[in-house]
1. Yes or no: region 40-57 includes at least one residue that is in contact with a strand residue (DSSP E or B) (Cβ under 9 Å, 6 or more places away or on another chain), assigned to a strand (DSSP E or B) and polar (S, T, N, Q).
2. Output the residues belonging to region 29-78 that are in contact with a Leu (Cβ under 9 Å, 6 or more places away or on another chain) and more than 11 Å from Val16 (Cβ to Cβ).
3. Please find, within region 58-68, the residue that is most open to solvent (accessible area, probe 1.4 Å) out of those that are under 16 Å from Arg6 (Cβ atoms) and outside any strand (DSSP E or B).
4. If you go through region 7-21, how many residues are under 12 Å from Gln33 (Cα atoms) and out of contact with any helix residue (DSSP H, G or I) (no Cβ under 9 Å at 6 or more places or on another chain)?
5. Can you find a residue that is within 21 Å of Lys78 (Cα to Cα), open to solvent by less than 50 Å² (accessible area, probe 1.4 Å), within 13 Å of the chain's Cα centre (by Cα) and aliphatic (A, V, I, L, M) anywhere in region 39-52?
6. Taking only pairs six or more apart or across chains, which ones have beta-carbon atoms under 7 Å, a first residue in region 33-45 that is among the aromatic types (Phe, Trp, Tyr), and a second residue that is open to solvent by less than 50 Å² (accessible area, probe 1.4 Å)?
7. Those residues that are open to solvent by 50 Å² or more (accessible area, probe 1.4 Å), out of contact with any Leu (no Cβ under 7 Å at 6 or more places or on another chain) and farther than 14 Å from Cys63 by Cβ, I need them from region 1-28; list them, please.
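The values are calculated or read from the model by the stated rules, or taken from the named source; none is laboratory data. Predicted model only: the values in this text are computed from it and were never measured. We place every Cβ from the backbone using ideal geometry, glycine too, and count neighbours over all the protein chains shown. Each accessible area value is taken on the protein alone, full model and side chains, heavy atoms only, with ligands, DNA and RNA left out. Shrake-Rupley method; radii C 1.70, N 1.55, O 1.52, S 1.80 Å.
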Amino acid sequence: MSEPVRASDVPFGVEVEAGKRYFWCACGRSQTQPFCDGSHKGTEFVPVKYEADETTLVFFCGCKSTNNPPLCDGSHNK
C-alpha cells in the first residue's frame, strides 16, 4: 500500500453540524482539505465517512497518519 500525501502538519479544526455526513480525504491529494474532492481516483485510497452526533468543533487529521481516522490523534507530532 502506498503512503498518503501529508496535507498539513497540523489538524484541521472544523465546526460540524449534528446529523450531517462528512467525507475525510485519506489520500492527502484533495484540494478541499480536510474533505474529499475525488482526487483519490486511481489510487487504493477511499474517503472516510464521519457523521456528526452533535454540532461542535472537530479536529480532522491533516498529516494522514492518525491511528483514529478521520480524527487527529497527535500523530503529526511524531
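1. yes
2. Within region 29-78, Cys61 is the sole residue that qualifies.
3. Out of the qualifying residues, it is Asn67.
4. The qualifying residues number 4.
5. no
6. Phe35/Tyr22; Phe35/Trp24; Phe35/Cys25; Phe45/Pro4; Phe45/Ala26; Phe45/Cys27
7. Within region 1-28, Met1, Ser2, Glu17, Ala18, Gly19, Lys20, Arg21, Phe23 qualify.
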